[in-house]
Structure formats: structure tokens, C-alpha cells
Amino acid sequence: MIVDGRILREDFVPSEVVHRHDEVNLLSETLEPLVSGGRPEPSFLFGPTGVGKTCIARYTLGQLREQVPKVRIAYVNCWQEYTRFRVLYGVLEAVDRAIDVHRTTPKDELFQRLAGCDEQPIVVILDEVDQLEGTAALYDLHRLPHVSLVLIANREDELFASFDDRVRSRLRAGTRVRFDRYGTDELVAILRERTAKALEPNVVTDAQLERIADAASGDARVGIGVLRSAARRAERERCETITDEVLEAAIPDARTEIRQKTVDGLIEHQRVLYDVIADAGEIEPGALYEEYERRVDAPKSNRTLRNYLTKMVHYDLIAAVGERGGRTYRLVDGEDA
DNA sequence: GGTCCACAGGAACGGATGGAGT
DNA sequence: ACTCCATCCGTTCCTGTGGACC
């Protein structure tokens, strides 16, 4: 059934893009100065999840590298690497200068080291850049003349709101590439492309691809996830083709899989908070703290709980409804707005 | 208006951690 | 083996703010 599983992985970058030609062109135009040894303006890729921002960034830079092989590319996902240290480390790693850097290496030394490797231009892709804590890393990177930035985030206004003035004014000039949700047809085309390479022929019908695209509501990550999970299921059940039953069973899989992965990563106390919120549906802070203390032997201080909660909001597991005063917490519903 | 309460989130502190240098 | 150093995590303390009630 599955011929090449890599193609159904989340981080797979296709050799041809099915849609998004305009976006690719705009991004490569912005990066064009690198061809003649210049420095491009920073570029921004904005759009909701699963619309191909990361994929297009990697694809376009892959193309660029074929033209200008000396360009180094550093991809850093700020979701995981959200401190100044980790971002700088990630970039150093990508240019092979991370040897004997360790936890206790001063951050300024990382910066100096990066400043030192200026014989080749470096393009730094910062994915989920809105998850970065503080703007020190951005400021550092932008200061280096041999570093160009490609920044990926969901919403422009939120991203810029999180910048301090210094960084905001410096990055204002960059090029914006905006991504809209895929239409069902576009998503079907993407899925068909992946299916052709990843699976044996004729194991999935066009109608089924449409069903997947529909269930994924414009999110290619979910769509590909459903396809992957359906193929695995079919294989496990030794089906010749993906049956409709298998497919329907795979749809909830893909949505919960992503969440389950994050929930598993929570430490015990965060997990308790999560469960309390899940049980209550929607809960006020006071009641939440109280119930948490009831369920746990050695409760953490409630300042710590607030740290946990912000972190979980950050992970998109829970949502805080309302700013301040009358705020409640609830789980994030599967469908996003 | 004023006062009080509940809560969010910043700042500063201190202990634990773990690699480096001795 | 031991000290130094920077970071991480949880804590305490504190400030700011919205809502309820007078």
C-alpha cells in the first residue's frame, strides 16, 4: 500500500509545487539580491496553519541554493526553539559552527561566533516566529549583514504587536507574502500529487480525496495527516485499497493525533490542569485553581499555575476567553476560526 | 465617584542542574 | 573532586486593571 512513507510526512518538501506559484515567485524575487551578492530585505510569510508557508519557504530556498550553492540555509522552528540562545544555536548548527557550544556558553559568544562566519551569506528561516520569547534573537540576526531573514507567522498584526519598537521599525520594510486557505480543489490536487508518489496506484479514489480535502477544511497538514493515517490503517487491516470505512475512521485520528502529541508532552501538574478544564468544559480561574489543589498532593503556587496556563495557551491546547476580569479557560475546539 | 477583590503577568530571587576548567 | 558559571524552574512580591458593590 505505502510505497514511500516519507512523502506523507509533515516536513516533506515536494520537488514541484502544485499551487502557490505566485507566492514562490514573490519570495524568490525578494531573495534575488543574493544571486548578485547583495542582501535581500527580510521577507514575511503570513497565513493560517496548513497552507504551505513552511513548505514554500523550504522549496524556494532549495531552488535558490541550486542557483547560488554557497548560500547557507538555517531553518529554526521557534515553537521549540523560542529563546535567544536556542535560536542562535540553531543557526550556528546549520552552518556547522555549533561544535563545543553548550548550555553554559554565554549568548554573546554565540552571537560573536555567528558574526564571525560571514564568508558565506546565510538565510535564516524562522518558522512560527510569533512564538519567540522576546525579540533579542531577531535583533541579533538582523544586525548581521550576511544574514537574511525569512519569517513565518500566522497573523501580521499579532506578530508586529509582539515586537518592540526597535525591531518593529527595522523590519517594517520587509516583503509580505500572504497565503490563503486552500480551496477543496487545490487541496485535492495536492493530495493527488502526494498519493501518486507515496501510495500504490488506485488505492484511493478521487471521491475519497475530495472527502479528505473537505474534512481538512483547507488545511493541508490535516489533509495529509488523514491520508497518512488512512493508508496505515488500511495496511494494518490488510486491505487492498483504502475503504470508506477506513477513511472515516482515519479522519478523527488525524485531528487528535496532533493534539495528543502535545498533551503527552505536558508535565503532571499541567496535565491535571488540562484535565480539570476538559472535565469542566469551561471554568473560571478561581474554580480551576481550587479544583487543581484538590486533585494534587503537593500543589504548585498559583503563580506557577498561571505560567503553566500561558504555556498551554501557547501550545494551543487551551484557550483563555476574555482578557482580564471574567476570564474563563476552555479547551481549544478542533475547528479553528 | 471610591473601595475592595480577583486575577494577570512582570521582576527579582534562590535552589537545582550540569558542563568546563582546575 | 571541586568550584565556577549560566540557565532553568518555581517561588515570592508587586503592580495594574477590570468588575462588583457601596
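The values are calculated or read from the model by the stated rules, or taken from the named source; none is laboratory data. Model, not experiment: these values are computed from the prediction. Cβ coordinates were reconstructed from backbone atoms using ideal geometry, including for glycine residues, and neighbour counts include every protein chain displayed.
Key figures
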| read-out | value |
| --- | --- |
| Pair list, Cβ < 7 Å and 6+ apart or interchain, from segment A:296-314 residues that are farther than 14 Å from A:ILE277 by Cα to residues that are assigned to a helix (DSSP H, G or I) and away from DNA strand B (no atom under 11 Å from the Cβ) | A:VAL296/A:HIS269; A:VAL296/A:VAL272; A:PRO299/A:TYR292; A:PRO299/A:GLU293; A:LYS300/A:HIS269; A:HIS314/A:GLN131 |
| Matching option when the condition is at pLDDT 90 or above, of a type in the set (Gly, Ala, Ser) and more than 30 Å from A:GLU290 (Cβ to Cβ), among A:ALA198, A:ALA161 | A:ALA198 |
| Elements of type helices (runs of 4 or more DSSP H) in segment A:106-218, at least 3 residues being in contact with a strand residue (DSSP E or B) (Cβ under 9 Å, 6 or more places away or on another chain) | A:136-143 |
| Unmet criterion (only one of (1) of a type outside the set (Val, Ile, Thr); (2) in contact with a Phe, Trp or Tyr (Cβ under 7 Å, 6 or more places away or on another chain); (3) within 16 Å of DNA strand B (Cβ to nearest atom); (4) over 28 Å from A:ALA213 (Cα atoms)) for A:LYS311 | (2) |
| Segment A:287-314, residues that are assigned to a loop (DSSP other than H, G, I, E, B) and surrounded by 19 or more Cβ atoms within 10 Å (Cβ to Cβ) | none |
| Restricting segment A:179-238 to residues that are among the basic types (Lys, Arg) and farther than 17 Å from A:GLU257 by Cβ, the residue that is surrounded by the fewest Cβ atoms within 10 Å (Cβ to Cβ) | A:ARG238 |
| Enumeration of residues in segment A:6-43 that are under 14 Å from the mean Cα position of the chain (by Cα) and under 18 Å from A:HIS146 (Cα atoms) | none |
| Count of residues meeting criterion [over 28 Å from the mean Cα position of the chain (by Cα) and either surrounded by 13 or more Cβ atoms within 10 Å (Cβ to Cβ) or not assigned by TED's automatic domain parsing to the domain that holds A:LEU317 (or both)] in segment A:272-286 | 4 |
